[in-house]
Structures are given as structure tokens and as C-alpha cells.
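As C-alpha cells, the structure follows; a few thoughts come after it.
The values are calculated or read from the model by the stated rules, or taken from the named source; none is laboratory data. On a predicted model such as this, the values are computed, not experimentally measured, just so you know. Cβ: placed from backbone, ideal geometry, glycine included. Neighbour counts: every protein chain shown. Keep in mind that these areas ignore ligands, DNA and RNA; they rest on the heavy atoms of the full protein, side chains included. Shrake-Rupley method; radii C 1.70, N 1.55, O 1.52, S 1.80 Å.
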Amino acid sequence: MRQIAPDLFAPMYRDANAPSHKLPPPPPPPPPPAVAKAPPPPPPPVVPSRNHPYGACEPGQREFAACLGGAAPIADLGVEQAERAVIAGLAHRGGVNPVVADSVARGLRNAGEAWRILRDRECSDLPLIENGLDGSLYERRLICRIRRDIERVEFLRLRYGEN
């Protein structure tokens, strides 16, 4: 006759001549938790430009789309910095009084907002037919956005930068 919960206790028989039983071995310890690999550190931010059209990203590299996803905000930041540089440079221009400088700064900010709307529309709707773009639709949209940002920075520096 067995007792309740035989897996927790050695069986005990009423027969005194029955062989004695050993307790089952303890279960093996659980394996240590898997250590998650930390993602590789992000590349140092390289602002996309004509010399580095994808920033720190290289076409064909592993995780190219993810790298482009990180380069696009850096390119956007480059546009913002160029706009701020033009606005800051207004104070140093001869013949530009504060009223005109304020009006020009407001106009530049409004033009920047309108340009972003156009860029976003163009790069969301037209990258499938743009020449020179390869890869997935996501990659094409990011490359389009980065290219437009590079062009905008160059335009701001050429047209409104200090002489």
C-alpha cells in the first residue's frame, strides 16, 4: 500500500521484508538565464552630405534600413542647424535692421515648414519612380528624405549663407 504523494516520499510497504527504496535524485538545477546580447553600439553620428550620402551607413551592410532610419533624423537635424545658422547670421549682416531680420526669420521658418510638408509628401508618394533608388520601399523613402535634406542644407548655405 502506498502513501499519498508518492513522488514526494519514498514508498513504504507494510511488508518488513520488502526492499528499501532510495529517494529519486533531485531535479537538475535550472539553466542560467540566457544573457541577451547587447546590440552593437550605434555608429557615431555622421551628418549625411554629398561626401557621405547615407551618413555612416553603407549600402549592402547588415541592417542597412535600420541604419538609414537613424541617419534620417540626423539629416533633419542638419537642416534645422542650417536654418538656425541663417537666422543667427541675420544679426551680422549690414543693412538689415531688427524689424527686417525678424520678418526674414519668420519667413524662413514658414518656408521651412512648407518645405518639410513637400519633402514628406514627395518622399512618401514618389520614391518608387525616382531614378537611382534601389531597395525596399522603406529604404527608398528614407534615402529620398536624406537626399532632400542634403539638397536643402546646400541650398540654404548657398542662397542665404553669409558671404
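Scanning segment 88-139 for residues that are open to solvent by 70 Å² or more (accessible area, probe 1.4 Å), modelled with pLDDT of 85 or more and of a type in the set (Asp, Glu) returns ASP102, GLU113, ASP120, ASP125.
For segment 90-101, taking the residues that are outside any loop (DSSP other than H, G, I, E, B) and out of contact with any helix residue (DSSP H, G or I) (no Cβ under 9 Å at 6 or more places or on another chain), the one that is farthest from GLY161 (Cα to Cα) is identified as VAL99.
Whenever a residue of segment 97-121 is under 13 Å from GLU83 (Cβ atoms), its partners that are assigned to a helix (DSSP H, G or I), lying with C-beta atoms within less than 7 angstrom and at least six residues away or across chains, give the pairs VAL104/LEU90; ALA105/ILE87; ALA105/LEU90; LEU108/GLU83; LEU108/VAL86; LEU108/ILE87; GLY112/GLU83; TRP115/ARG152. Restricting the search to segment 151-163, which residues are touching a residue at least 12 places away in the same chain (Cβ under 8 Å) and surrounded by fewer than 19 Cβ atoms within 10 Å (Cβ to Cβ)? The answer is GLU154, ARG157, TYR160, GLY161, GLU162. Restricting VAL79, VAL47 to those that are assigned to a helix (DSSP H, G or I) and either among the β-branched types (Val, Ile, Thr) or in contact with a Pro (Cβ under 8 Å, 6 or more places away or on another chain) (or both) reduces the list to VAL79.
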